[in-house]
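What follows is one structure encoded as structure tokens, with my remarks underneath.
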Amino acid sequence: MGGVFIKPVTKLGGEIKVPGDKSISHRAALFGGMAHGETHVSNFLLGEDCLSTLRCLKQLGVSWERQETEVWIRGEGMGAWQEPIDVLDAGNSGTTLRLMLGALAGSPFTVTMSGDESLRSRPMRRVTDPLKQMGAQIMGRREGNLAPITMKGGQLQGQSFRTAVASAQIKSAIILAGLRAQGETSVEEPALSRDHTERMLRGFGVDVQSDRTVARVHGGGRLNGQAVSVPGDISSAAFFLVLGSLVGQGEIILPDVGVNPTRTGILDVLRAMGADIELLDSSEICGEPRATLRVRPAKLKGIEISGDMIPRLIDEIPILAVAASLAEGETVIRDAAELRVKETDRISTVVKGLNALGAKVEELPDGMRIQGQTTLYGGQASSFGDHRLAMAWAISGMLSREGVSVEDMEAADVSYPEFLTVIKKVAG
Ligand SMILES: O=C(O)C1=C[C@@H](OP(=O)(O)O)[C@@H](O)[C@H](O)C1
Ligand SMILES: C=C(OP(=O)(O)O)C(=O)O
């Protein structure tokens, strides 16, 4: 099918309300399904990934209703979950699959979970191994590493884990299993990944202790239904922070964006590169900080991104690479091998895609080296079904000389269904 052509822009302006945060929407629905009593989620993300979580909950017998972005979940506790009569399909969503496995590890029934072709190629032993050690019986392709995954949950024993990578999905799966295990469960990660699980479980009444890179829970914690207000997704806002910095004219206002410090690496890095980004009207609601972001044009310069900064901006690296190709000087991204196991191998796809548009990017085993001040001439780019690539190539088209035709632009529906409508509006 032909691509969607995105033309260059020379000015832009206006206010963009990005949709609800994907990570927080997943957790609000899942924890609402685990809780006793009603949970009301407002500003739920209507992206395919979060709808997958709702669909899986329904298959487990959890009743919920949705009106636009408002979701009401009538939780009866996890003991009320029923053995599903079909495979739970997580679609394109690693978060759905991995957090569901953690939540289901203590359920005394058999469940099979799967997903689309991309998800069925992503590593699952990082979650199935710890859950097996806690007592779940798990099988899957490639020794339990690839979905479809079949699990028979049951009595779990709390354990202490140290993960090889900083991953909120691994951390969350272990914590959720720990809620139903005997004794204490702890998980230590090499760097702090997003802490939405820890924050939101506290909001649902669970005692979660965390000390930077270590989180711990005791079994038997009870979740009570809550009202959860979801802030705007900073990972979606990132596309407009880059666009607003690099198009020469106009400012963009992004109201009510989540600015959880475990997710604001993109703000720190863009500002260090010279971006003019202001935070206005800061507040905290439901345990999550949020603010209005205002971005104005600025000259960007290259930067080194590595170490503990990487988990704080892991999903923003595709769009950061686009910014870096138009900044002055060189940008080097290291310690980001996790990118190779996202929806696509985001090191290889970003390097090849950007170079095809005129950039000069060298692939590194754990990242990339991007030469600045190149001209993005434009051309063809494929998302390969990866939503973050689709949107990064669209922004590249708006910043290019001749525009970009994006193959499989529909992938953006995974996290931002309105994306194309919004960029047309903001470009005037
Ligand atoms: O926990 C989450 O909601 C997510 C965690 C991240 O993955 P890892 O933490 O596994 O790297 C991120 O890439 C994903 O978009 C959402
Ligand atoms: C990797 C991502 O999500 P998930 O792991 O949930 O598929 C993402 O949103 O970039």
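Amide H to amide H distances under 5 Å link A227 with H40, where only residues 5 or more positions off or on other chains count and H is placed in the peptide plane.
For the stretch 344-412, the list of chymotrypsin sites (Phe, Trp or Tyr not before Pro) that fall in a loop by DSSP and count at most 15 other C-beta atoms within 10 angstrom reads Y377.
Solvent-accessible surface of the stretch 261-324, averaged per residue with a 1.4 angstrom probe and all protein chains in place: 36 square angstrom. Quick check: at a probe of 1.4 Å, how many percent of the accessible area of the stretch 22-229 sits on carbon and sulfur atoms? In the stretch 22-229, the share of accessible area belonging to carbon and sulfur is 45 percent.
Note the full-extension length gain between E362 and E328 as 0.36 nm times their separation in residues minus their Cα-Cα distance, in nm to one decimal.
Details: separation 34, 0.36 × 34 = 12.24 nm, distance 1.65 nm.
Contour length minus Cα-Cα distance gives 10.6 nm.
Of R294, R120, R162, the residue with the largest accessible area leads and the full order is R162, R120, R294 (1.4 Å probe). In percent, rounded to a whole number, the relative contact order of the stretch 22-229 is 21, using alpha-carbon pairs under 8 Å and six or more apart.
Restricting the stretch 71-146 to chymotrypsin sites (Phe, Trp or Tyr not before Pro) that sit in a DSSP loop and have at most 14 other Cβ atoms within 10 Å of their own Cβ leaves F109.
Taking a straight Cα-Cα cut-off under 16 Å and skipping sequence neighbours fewer than 8 places away in the same chain, the aspartates and glutamates within cross-link reach of K7 are E402, E407. When the trypsin sites (Lys or Arg not before Pro) in the stretch 194-273 are filtered for DSSP coil states and for at most 16 other beta-carbon atoms within 10 Å of their beta-carbon, the remaining sites are R212, R222.
With both residues required to sit in the chain, DSSP beta bridges show an antiparallel share near 70%. Taking the centroid of alpha carbons for each part, the stretch 286-314 and the stretch 180-224 are 26 Å apart. Between amide H atoms placed 1.01 Å from N, distances below 5 Å from S93 occur with D116, all of them 5 or more places distant or on a separate chain. Think of the stretch 360-415 as having a plus end and a minus end, set by charges on the Cβ of Lys, Arg, Asp and Glu; of A412, L364, L399, L399 sits farthest toward the positive end of this dipole.
Over the stretch 1-115, the fraction of Cα-Cα pairs per 5 Å bin, rounded to whole percents and listed from the shortest bin up, is 2, 11, 21, 20, 16, 10, 6, 5, 4, 3, 1, 0. Taking the Cα centre of the stretch 22-229 as origin and assigning +1 to Lys and Arg Cβ atoms and -1 to Asp and Glu Cβ atoms, the resulting dipole is close to 460 debye. Annotation: average projected area of the stretch 22-229 is 9.6 square nanometres, based on the convex hull of Cα atoms across all directions.
Kindly identify the stretch 290-417 as rounded, prolate or oblate by the Cα gyration tensor criterion: order the square roots of the eigenvalues as a ≥ b ≥ c, call it rounded if a/c is under 1.5, otherwise compare a/b with b/c, prolate if a/b is larger, else oblate. It comes out rounded by the Cα gyration axes.
Quick check: convex hull of the Cα atoms in the stretch 256-329, volume per residue, rounded to a whole Å³?
Hull volume over Cα atoms, normalised by residue count, gives 84 Å³.
Applying 1/(1 + (r/R0)^6) with r as the Cβ-Cβ distance of A164 and T110 and R0 = 25 angstrom yields a FRET efficiency of 0.30. Computed per residue of the chain from DSSP H runs no shorter than four, each worth -39500 (n - 2.57), the mean residue ellipticity at 222 nm is -9000 deg cm²/dmol. The count of lysine pairs in the stretch 22-229 with alpha-carbon distances below 22 Å, taking only pairs 8 or more places apart or on different chains, stands at 6. Counting pairwise Cα distances across the chain, what percent come out greater than 26 angstrom? The proportion of pairs with Cα distances above 26 Å equals 53 percent. Straightening the chain between R202 and K425 buys 76.4 nm, computed as 0.36 nm per residue apart minus the Cα-Cα spacing. Taking max minus min of the alpha-carbon positions on each principal axis, the stretch 187-236 gives extents of 32, 31, 11 Å, largest first.
The values are calculated or read from the model by the stated rules, or taken from the named source; none is laboratory data. Source: prediction; values computed, not measured. Neighbour counts are summed over all protein chains in view; Cβ atoms, including those assigned to glycine, are modelled from backbone coordinates with ideal geometry. Side chains are part of the model used for accessible areas, which takes the heavy atoms of the whole protein and leaves out ligands, DNA and RNA. Shrake-Rupley method; radii C 1.70, N 1.55, O 1.52, S 1.80 Å.
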